[in-house]
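Data first, discussion second: the structure below is written as structure tokens.
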Amino acid sequence: MKMLKLWTTMTVLLSSTSALAASVYVRDIKVEGLERVEPETVLSYVEVKKGAVTDDARLDASLKQLYATGLFNDVRLNIRKDGLLTIKVTENPVINKVLFDGNNKVDDAMLEAEVQLAPRSTYSRAKVQEDVQRILDIYKRTGRYAVVVEPQIIERDQNRVDLIFNIDEGPLATITKVNFVGNRHYSDDDLAEEIMSKESRWYRIFSSAENYDAEKTNYDKEMLRRFYLKRGYADFRVISAIAELSPDKKSFVLTFVIDEGKRYKIRKIDINSEIAEVNTADLRPELLQEAGDWYNAEKVEKSISAITDELGRKGFAFVDVEPDLVKNTDTGEIDIIYNIREGQRIFVDRINITGNTRTHDKVIRREFRIQEGDAFNYSKIKDSRRNVENLDYFSKINIETVPTDDNKADINVNVEEKSTGYFNVGVGYSTINGALVRAGVVENNFRGLGQRLGVDVGVSQRSQEYDLSFTEPYFMGRRLRAGFDLFRNEQDYQDEGSYDSETTGGRLRLGWNYTDDLSQQLRYTLRQDKISNVDEDASIYIKEEEGKYNDSSIGQTIVYDKRDNAMYPKEGYFLSFGNDVAGLGGDEKYLKFDAKAYAYYTLADYYTFKFFVNGGYITGYGGKDVRLSNRYYLGGNTLRGFDVAGIGARDKYTKDALGGNWMLYTGGELMFPIGLDEVGIKGRTFVDMGMLGKPDNLNRANVDYSDSPRVAAGFGFQWLSPMGQIDIDFAFPIVKENYDETQVFRLNFGTRL
């Protein structure tokens, strides 16, 4: 307001004096009020020249240009009838110090780097207001929209001032609600799982997900797009993403308005080539989808990469593969045509990486599918970007291509790092283990080398677990995951078998991927098992095993994972097969085989069927029997409706569970909405069936045993509550033996913060 009044005063003053100056000859120019600025500097900014004729327009322009320099607080022009032009100025003071007060969440160094005014620079109100806005922008990027910045001036001698920015940071502006409008096939909970922005909850005290960030919202839009395009919705679009700030500037309501569009199935897939030497029939095995599949944009991109790689191996280095989509909205069918064209002959000159202050360059470079000197390929650059994003080390990734020569280009990669470690705390209750507390620390980018280091401790009424793990994702510079685990587990089996169990040991791991879906892992495990605190009335078979035993084994597991989501799958299947051989030293000698199969089907995008089969077999060799700690047990979390170790061989007199040498556990489950999606509750119904084989060398006269199937059916609820996932099941045995131990109600509650 003061600035407006001053400008009005000067405008009036100029008008009153310059009215006399129409076409006046300037005899001389006199500058008054200067302290530091040279007269020549002032004269260089005015359009009026000594010995020339001037007019109102030139005087007005001169006045504006002098103010625009930022050197002066006040400027007045006065021209007399005799041709003397007087320029009277009041210089802006010089800044002695720039100080910040009240900034606890943003340090001085960050603010100093952002503001323009600095010691020995010229003070001006306009620049102060610009710097106030810069400070406000910094705080908004950190989620503080209620911040107030008040500049204060302290006058010093010699026309100097101290500039103080008084800052009231205010609270973080959190997201109180995330709304989705237009989603018919997926619930709000389903979509909320896919985005980075999360609603404010007390247990997210160590997370920034609940803080509003406009750039994070833009990333959320892309995540929603990927989610739908992977599931056949080729017309999906985000119409708008609106963040409404509350009147007190302390919270946001975030609303995504989307248009899902139609879901498409693939009618046919063709490959066309403008390069005569390319045999398109040889490229069909590289396609990841076929007619009848739901359209999946991610698999289209991977198919493009596979075709490009195969053509490269055949000597076609400069090709572009572009997909054309032909959609029939009436039938919900889509045709995919991969068009192969000869690309521009450009080579990659340099790959420049910036912004990674903590992460080593090689961690980023090894995720690139294109290297310096390679033929330029947009498909490989897109794949490289996706690989770097999947590291989850960076909040922002920007990749630009800059031509450097006639046939060369640089790839400039700029990243912004984010926190890659997290602390988790868990509390809960289980009908199996009672009250429990869990705490752990995980760093996913240890030492900036992409290594993973984790420490986890869990204590419940019946068990104690201690784990330390380390993984190197690029062992010996190759795509090999190498690591180790150290562990100690203590378990109270007094209710099931009248003994306590302790396991202490370590494991070495080496894993690799054959494809994106097919992986394998080798392992060597050395552990010591201890059976102790055996009750006087325990089974003779348990008393015989009291003591310590060393187990040295080598094993492998091969996994084929086609699920759409590892945490909450809705479509796809999962297969694994593993085997272990013990006897490389130690006291144990056995062969062990395990297999798992899971399949998921979703109808109407809400009703998800899960079918599963788990099987295992273990046998001793070299005259060694299989001990308690290596046997299979069913019940509790496995085979609902039965207590922990509730089925299988059992001592007739002590009722202690003795486990089995083979097992089969299978069943089906239907997860469905019950009208409580908004609070994260879903219902389920299930049927479980299990069989457990008899251990070796048991006297049938002393043991109750039957390997006949046990069957249970029931219903339950899954609640993704603010305190973590809670599972409640009611299961009723349908087929059982009279000595089996049952459990109708099962509760498992826990949280990870």
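The values are calculated or read from the model by the stated rules, or taken from the named source; none is laboratory data. Worth saying up front: this structure is predicted, and the values here are computed from it rather than measured. Positions of Cβ are backbone-derived with ideal geometry, glycine not excepted, and every protein chain shown enters the neighbour counts. Keep in mind that these areas ignore ligands, DNA and RNA; they rest on the heavy atoms of the full protein, side chains included. Shrake-Rupley method; radii C 1.70, N 1.55, O 1.52, S 1.80 Å.
The table below lists the values:
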{"item": "The lone exception for residue 81 - which of (1) assigned to a loop (DSSP other than H, G, I, E, B); (2) surrounded by 19 or more Cβ atoms within 10 Å (Cβ to Cβ) it fails", "result": "(2)"}
{"item": "Cβ-Cβ under 8 Å pairs, at least 6 apart or on other chains, the stretch 678-695 side at pLDDT 90 or above, far side among the charged types (D, E, K, R) and open to solvent by 40 Å² or more (accessible area, probe 1.4 Å)", "result": "691/707; 692/707; 693/707"}
{"item": "Flag for residue 727 being free of Cβ contacts under 8 Å to residues at least 24 places away in the same chain, surrounded by 15 or more Cβ atoms within 10 Å (Cβ to Cβ) and part of a strand (DSSP E or B)", "result": "yes"}
{"item": "Condition met for residue 539 (of a type in the set (Ser, Thr, Tyr) and open to solvent by 20 Å² or more (accessible area, probe 1.4 Å))", "result": "no"}
{"item": "Residue 527, sole failed condition from (1) more than 30 Å from residue 655 (Cβ to Cβ); (2) more than 32 Å from the chain's Cα centre (by Cα)", "result": "(1)"}
{"item": "Among (1) open to solvent by less than 30 Å² (accessible area, probe 1.4 Å); (2) more than 26 Å from residue 619 (Cα to Cα) - the single one residue 720 does not satisfy", "result": "(1)"}
{"item": "In the stretch 461-486, the residues that are among the small types (Gly, Ala, Ser) and open to solvent by less than 40 Å² (accessible area, probe 1.4 Å)", "result": "463, 469, 482, 483"}
{"item": "Wholly within the stretch 144-191, strands (runs of 3 or more DSSP E) carrying at least 3 residues that are among the small types (Gly, Ala, Ser) and touching a residue at least 12 places away in the same chain (Cβ under 8 Å)", "result": "none"}
{"item": "Any chance residue 219 is of a type in the set (Phe, Trp, Tyr) and assigned to a helix (DSSP H, G or I)", "result": "yes"}
{"item": "Every residue from the stretch 369-415 that is of a type in the set (Phe, Trp, Tyr) and either modelled with pLDDT under 85 or more than 22 Å from residue 222 (Cα to Cα) (or both)", "result": "376, 378"}
{"item": "Residue count, the stretch 139-169 (criterion: modelled with pLDDT under 85, over 28 Å from the mean Cα position of the chain (by Cα) and not charged (D, E, K, R))", "result": "2"}
{"item": "Evaluation of residue 47 against (1) at pLDDT 85 or above; (2) more than 28 Å from residue 169 (Cβ to Cβ); (3) among the charged types (D, E, K, R) (one fails), failing number", "result": "(1)"}
{"item": "Inter-residue pairs, beta-carbon under 8 Å, first within 12 Å of residue 338 (Cα to Cα) and touching a residue at least 12 places away in the same chain (Cβ under 8 Å) and in the stretch 272-291, second open to solvent by 40 Å² or more (accessible area, probe 1.4 Å) and of a type in the set (Asp, Glu), 6+ apart", "result": "274/342"}
{"item": "Breaking point among (1) among the charged types (D, E, K, R); (2) within 30 Å of residue 369 (Cα to Cα); (3) without any contact (Cβ under 8 Å) to a residue 24 or more places away in the chain, for residue 452", "result": "(3)"}
{"item": "Tally of residues being in a helix (DSSP H, G or I) and in contact (Cβ under 8 Å) with a residue 24 or more places away in the chain across the stretch 301-336", "result": "10"}
{"item": "Scan of the stretch 285-320 for residues that are among the acidic types (Asp, Glu) and open to solvent by 50 Å² or more (accessible area, probe 1.4 Å), ordered by number", "result": "290, 293, 298, 301, 320"}
{"item": "Filter result (surrounded by 19 or more Cβ atoms within 10 Å (Cβ to Cβ) and aromatic (Phe, Trp, Tyr)) within the stretch 354-391", "result": "368, 376"}
{"item": "Options 522, 508, 518: the member that is more than 23 Å from residue 467 (Cα to Cα), open to solvent by 30 Å² or more (accessible area, probe 1.4 Å) and not charged (D, E, K, R)", "result": "518"}
{"item": "Residues that are acidic (Asp, Glu) and either touching a Leu at 6+ places or on another chain (Cβ under 8 Å) or surrounded by fewer than 13 Cβ atoms within 10 Å (Cβ to Cβ) (or both), drawn from the stretch 323-353", "result": "324, 330, 335"}
{"item": "Residue within the stretch 501-522 that is in a loop (DSSP other than H, G, I, E, B), over 40 Å from the mean Cα position of the chain (by Cα) and free of Cβ contacts under 8 Å to residues at least 24 places away in the same chain present", "result": "no"}
{"item": "Residue in the stretch 646-666 that is open to solvent by 40 Å² or more (accessible area, probe 1.4 Å), modelled with pLDDT of 90 or more and under 38 Å from the mean Cα position of the chain (by Cα) present", "result": "yes"}
{"item": "Odd one out for residue 248, checked against (1) in contact (Cβ under 8 Å) with a residue 60 or more places away in the chain; (2) not in a loop (DSSP other than H, G, I, E, B)", "result": "(2)"}
{"item": "Residue that is touching a residue at least 24 places away in the same chain (Cβ under 8 Å) and buried (at least 17 other Cβ atoms within 10 Å of the Cβ), where the choices are 592, 624, 596", "result": "592"}
{"item": "Residue that is modelled with the lowest pLDDT, among those in the stretch 554-568 that are in a strand (DSSP E or B) and surrounded by fewer than 17 Cβ atoms within 10 Å (Cβ to Cβ)", "result": "561"}
{"item": "One residue from 239, 266, 275 being under 30 Å from residue 316 (Cα atoms) and assigned to a strand (DSSP E or B)", "result": "266"}
{"item": "Within the stretch 247-272, tally of residues that are closer than 18 Å to residue 325 by Cβ and of a type in the set (Ser, Thr, Tyr)", "result": "1"}
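Rundown of residues vs (1) farther than 30 Å from residue 683 by Cβ; (2) assigned to a strand (DSSP E or B), yes/no style:
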{"site": "524", "(1), (2)": "yes, yes"}
{"site": "529", "(1), (2)": "yes, yes"}
{"site": "570", "(1), (2)": "no, no"}
{"site": "579", "(1), (2)": "yes, yes"}
{"site": "598", "(1), (2)": "no, yes"}
{"site": "602", "(1), (2)": "no, yes"}
{"site": "611", "(1), (2)": "no, yes"}
{"site": "614", "(1), (2)": "no, yes"}
{"site": "623", "(1), (2)": "yes, no"}
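Every residue, every condition in (1) at pLDDT 85 or above; (2) open to solvent by 30 Å² or more (accessible area, probe 1.4 Å); (3) farther than 26 Å from residue 160 by Cβ, yes or no:
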position: 14; (1), (2), (3): no, no, yes
position: 32; (1), (2), (3): no, yes, no
position: 36; (1), (2), (3): no, yes, no
position: 41; (1), (2), (3): no, yes, no
position: 51; (1), (2), (3): no, yes, yes
position: 85; (1), (2), (3): yes, no, yes
